[in-house]
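One structure is given here, and the rest of the page talks about it.
The values are calculated or read from the model by the stated rules, or taken from the named source; none is laboratory data. Because the structure is a prediction, the values reported are computed rather than measured. We place every Cβ from the backbone using ideal geometry, glycine too, and count neighbours over all the protein chains shown.
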Protein chains: 2
Amino acid sequence: MPTALSTDLYELTMAAGYFDAGMERAATFELSVRGLPPARGYLVAAGIEPALAYLEELRFTAPEIEYLRRLPELRRVPARFFDDYLHAFRFTGDVWAMEEGEPVFPDEPLLRVTAPLIEAQLVETALLSIVLFQTSVASRASRMVRAAAGRPVYEFGARRAHGPEAGVLAARAAFVGGCSGTSDVEAGFVYGLALAGTMAHSWVMSHDTETEAFVRFVDMYGDRTVLLIDTYDSERAVDRIAAARLAPFGVRIDSGDLVAESRRVRARLDASGLEATKIFASGDLDERRIAQLVERQAPIDIFGVGTALSTSSDAPALGGVYKLVEVERAGTARPVVKLSPGKGTYPGVKQVWRVADRGKATRDIVARSDEPPPRHGRPLLDQVMRRGRRVRPAPTIERMRARALEAVEELPAEVLRLDGPADYRVAVSDGLLRLTGDLQRRMHAVAG
Amino acid sequence: MPTALSTDLYELTMAAGYFDAGMERAATFELSVRGLPPARGYLVAAGIEPALAYLEELRFTAPEIEYLRRLPELRRVPARFFDDYLHAFRFTGDVWAMEEGEPVFPDEPLLRVTAPLIEAQLVETALLSIVLFQTSVASRASRMVRAAAGRPVYEFGARRAHGPEAGVLAARAAFVGGCSGTSDVEAGFVYGLALAGTMAHSWVMSHDTETEAFVRFVDMYGDRTVLLIDTYDSERAVDRIAAARLAPFGVRIDSGDLVAESRRVRARLDASGLEATKIFASGDLDERRIAQLVERQAPIDIFGVGTALSTSSDAPALGGVYKLVEVERAGTARPVVKLSPGKGTYPGVKQVWRVADRGKATRDIVARSDEPPPRHGRPLLDQVMRRGRRVRPAPTIERMRARALEAVEELPAEVLRLDGPADYRVAVSDGLLRLTGDLQRRMHAVAG
């Protein structure tokens, strides 16, 4: 979990600079995603509650402060920055955010921080790394769950995740996106997610016979047992299960041609009176493979997905930004903009509206926060923190998941396509366009 | 950092099964990578020391045990598994591993665990997630550092990492692979890495003028300052630096055509008497972009790389495995093999030899650990833990980095090519091939 030092050095050098200059002005930053990964038509917001937990709990410990004080990079920073400011540091800002599970599109702020400049700046790195990764995973999970067309999808990717914490965050985000559970026990412990597991090839290989390995596991786990049957030969394994009069909950196939293999195994199970035994499939699955298996009517009941979920392998990084959009000058909040080539931003504090027609979302509008609501528009950003404290308890993770499952289906069908999704329309309000144009002209004048 | 619950549920259900069956037999598992990512000719082993730290510190806390005890999935597990076994659990095994920084190739074990079956199995998930990710990042870092041809490369990717911990692990692995430091302060705190940082666009934008922003930062950080100059216009920014009589250590460019931009900025700096000021480039860099910039003689002195390093974006997951290769039966260690289609393994405990000719590695040989050394062969696996304790202090991270820089250069030039690298030859010893054939025949007979 993040610490106060989970940040880039420059956040701290700038913080010390603001402190030294007495720049306590308020600032607003907005976090958004810059573009969609190639195949994806939509994203699902995730990671918001972990981000809020980080903000609430943010403290500098004495050893952390000592470490910073001794850094050669900070040697000219006045001692009171360490002794007074960091020692007493708390995040005291306001935060607006989308609900986790809400579909979100590029250039829509999904989190907004208004706080004294130094605080708002310091939390940039951690907020980005918490929110972007989980949003990427939740979005991919949503695609897989839709491809599975009602069959449960479990997240099994802890071993390929970017370290143990990434595995937990991926499991959480996959659940928000619609998965039914995870194999990651720590994720179950921390977030209360449903757990699932089967057995590994090593269980079979470490017994003298496959039958012995199966009998032992069923003895232990009864009607919850899922037996892995492809260590040697799947059909013979089914015969052994039947011969030993076992009735496991399921069998897992993890290799080979899953269509042919699942059909053979289904036939053999049925012929052995094991009609109730489910088939669990795993092994390098992703949304396309799942869609193919479903389309070809492979008799698979449950999918286990690893790497594709836990590393969000098609989009291991979302291009997200956390941009200064407003800063107080002479006591008044003023919108700001940058002009860097290809990296321009929309200034000012914003709201995102989702406009619906007969239960279907037709477009989003990114507007200045003080513009009147559009007709049939639903605001997506809501205040979640005031002065550093949450304004209400975190929603349950089941609620986030339900939100995702419901709200994704409100998107136009062509946006939801697995391949070649259509662009969803995200409009910029006239008020925001005007403000942007005015400011760009003014800044070019200042820069010029 | 990993906990005892950083594991897949099936590791625990199998553990309980082994415990219940009184299966205390010893087993050996080997961790290896299954194949090279498309563009890469070699990998650099990393994550070994964090993996050993995990094994040494592995304990189940009382709340963790209580959580497990209440899991419906474990409800039939005897109470003594929780009360006696997990309560007193320690990792007591032996570990052999490659040194971090050592080049490694597919199907070469880079870590080997020999322990009571239940312990060796339980640590699978965490070991894979720790070692594979860091190995992927260290390997990519090595490619970037080579592409930079002597110019320092810094890791700046914390914000795009898969959560804060992944950022720290990536920073560490990038350093092992040859990077000069990181922007991730937590990585500096935990691993003693050198830190680097500049300033963000928001620093410039939150001041009334760019000049004021520059002057303040130089006042604070003196001759260590790196000024970000592309918020409005890079050349004008240089003029402002010169007009204010500032002499920063460097300037950073983060956007636009870096070749043209760096040339213009260099010329402007030189014309202003700022010949000593270095140019720092960042912005979606990877090894190919770095190689192009070097080839086109862009006057860039230092590179900052983000996403491509911290998510190992071209290979966000290495296909690694942790496979049972030997298990005790009737008091004797016996090699085992699995036959799953496309997922076969080499049985038995192995050593990896690197054979060199006049200082250049010519091939590796994967052999049974009891075979005699090949001529001019250097063994890559060394014992690092005995009965759950390290046999020697961890090498310093600087030593790992030096190892990587040196050992990578011993590989054949064609293997080191950035594009279309040649295959490095990894041979399987006659002894290992014989053992594999014998066992496969025997297992087919058993399975048949």
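For segment B:400-418, the set of residues classified as in contact (Cβ under 8 Å) with a residue 60 or more places away in the chain and either of a type in the set (A, V, I, L, M, F, W, C) or within 17 Å of B:ILE48 (Cα to Cα) (or both) consists of B:MET400, B:ARG401, B:ALA402, B:ARG403, B:ALA404, B:LEU405, B:ALA407, B:VAL408, B:LEU411, B:VAL415, B:LEU416, B:LEU418, listed by residue number. Of all the residues in segment B:316-373, those that are free of Cβ contacts under 8 Å to residues at least 40 places away in the same chain, within 14 Å of chain A (Cβ to nearest Cβ) and hydrophobic (A, V, I, L, M, F, W, C) number 1. Within segment A:254-263, being within 13 Å of chain B (Cβ to nearest Cβ) and either assigned to a helix (DSSP H, G or I) or at pLDDT 95 or above (or both) holds for A:LEU258, A:ALA260, A:GLU261. Would you check which residues across segment B:279-315 are more than 20 Å from A:ARG34 (Cα to Cα) and without any contact (Cβ under 8 Å) to a residue 40 or more places away in the chain and list them? If the condition is that a residue be more than 20 Å from A:ARG34 (Cα to Cα) and without any contact (Cβ under 8 Å) to a residue 40 or more places away in the chain, then B:ILE279, B:ALA281, B:ARG289, B:GLN292, B:LEU293, B:GLU295, B:ARG296, B:GLN297, B:PRO299 are the ones that fit.
When only residues in segment B:196-216 that are touching a helix residue (DSSP H, G or I) at 6+ places or on another chain (Cβ under 7 Å) and either charged (D, E, K, R) or more than 7 Å from chain A (Cβ to nearest Cβ) (or both) count, which is farthest from B:ALA247 (Cα to Cα)?
Ranking the candidates gives B:HIS207 first.
Identify, please: which residue in segment A:44-64 is crowded, with 19+ Cβ neighbours inside 10 Å and aliphatic (A, V, I, L, M) and is, among those, farthest from B:GLY197 (Cα to Cα)? Per the criteria, the residue is A:VAL44. Just one of the listed residues (B:VAL104, B:VAL113, B:VAL131) is of a type in the set (Val, Ile, Thr) and more than 14 Å from every other protein chain (Cβ to nearest Cβ), and it is B:VAL104. Number of residues in segment B:1-38 that are in a helix (DSSP H, G or I), within 7 Å of another protein chain (Cβ to nearest Cβ) and touching a residue at least 60 places away in the same chain (Cβ under 8 Å) equals 6.
So which residues in segment A:189-214 are more than 24 Å from B:LEU439 (Cα to Cα) and in contact (Cβ under 8 Å) with a residue 12 or more places away in the chain, if there are any at all?
Going residue by residue through segment A:189-214, those that are more than 24 Å from B:LEU439 (Cα to Cα) are A:189-198.
Once the filter is applied, which keeps residues that are more than 24 Å from B:LEU439 (Cα to Cα) and in contact (Cβ under 8 Å) with a residue 12 or more places away in the chain, segment A:189-214 yields A:VAL190, A:TYR191, A:GLY192, A:LEU193, A:ALA194, A:LEU195, A:ALA196, A:GLY197, A:THR198.
Only one of the numbered conditions (1) among the hydrophobic types (A, V, I, L, M, F, W, C); (2) more than 20 Å from the chain's Cα centre (by Cα); (3) at pLDDT 95 or above; (4) surrounded by 12 or more Cβ atoms within 10 Å (Cβ to Cβ) is violated by A:LEU439, and that is (3).
Residues in segment B:160-194 that are touching a strand residue (DSSP E or B) at 6+ places or on another chain (Cβ under 6 Å) and at the interface with chain A (Cβ under 7 Å from one of its Cβ atoms): B:GLY167, B:SER183.
Yes or no: A:VAL327 buried (at least 16 other Cβ atoms within 10 Å of the Cβ) and assigned by TED's automatic domain parsing to the domain that holds A:GLU108? Taking the combined requirement at face value, the residue satisfies it.
When you scan segment A:264-292, how many residues do you find that are assigned to a helix (DSSP H, G or I) and surrounded by fewer than 18 Cβ atoms within 10 Å (Cβ to Cβ)?
Pass one, segment A:264-292, residues assigned to a helix (DSSP H, G or I): A:264-271, A:287-292.
Okay, now just the ones that are also surrounded by fewer than 18 Cβ atoms within 10 Å (Cβ to Cβ), so A:264, A:267, A:270-271, A:288, A:292.
Residues flagged as assigned to a helix (DSSP H, G or I) and surrounded by fewer than 18 Cβ atoms within 10 Å (Cβ to Cβ) within segment A:264-292 amount to 6.
Within the option set A:ASP184, A:ASP223, A:ASP230, being in contact with a Pro (Cβ under 9 Å, 6 or more places away or on another chain) and under 30 Å from A:GLY47 (Cα atoms) holds for one residue only, A:ASP184.
Can you tell me which residue is nearest to A:ALA26 (Cα to Cα) among those in segment A:50-77 that are of a type outside the set (A, V, I, L, M, F, W, C), touching a residue at least 60 places away in the same chain (Cβ under 8 Å) and within 14 Å of chain B (Cβ to nearest Cβ)?
So in segment A:50-77, the residues of a type outside the set (A, V, I, L, M, F, W, C) come out as A:50, A:54, A:56-57, A:59, A:61, A:63-64, A:66-67, A:69-70, A:72-73, A:75-76.
With the extra rule that they be touching a residue at least 60 places away in the same chain (Cβ under 8 Å), the set shrinks to A:50, A:54, A:56, A:64, A:67, A:73.
Now narrow it down to the ones that are within 14 Å of chain B (Cβ to nearest Cβ): A:50, A:54, A:64, A:67, A:73.
Working: A:PRO50: 24, A:TYR54: 20, A:GLU64: 26, A:TYR67: 28, A:GLU73: 26 Å.
For segment A:50-77, the residue satisfying everything is A:TYR54.
If only residues of segment A:65-82 that are exposed (fewer than 15 other Cβ atoms within 10 Å of the Cβ), modelled with pLDDT of 95 or more and among the charged types (D, E, K, R) are counted, the one that is nearest to A:VAL145 (Cα to Cα) is A:GLU66. With in a helix (DSSP H, G or I), of a type outside the set (Lys, Arg), touching a residue at least 60 places away in the same chain (Cβ under 8 Å) and within 13 Å of another protein chain (Cβ to nearest Cβ) as the only criterion, which of A:SER142, A:SER136 stands out? Residue meeting the stated conditions: A:SER136.
At least 3 residues being in contact with a Gly (Cβ under 6 Å, 6 or more places away or on another chain) is the threshold, and among the helices (runs of 4 or more DSSP H) wholly inside segment B:155-218 those reaching it are B:164-176.
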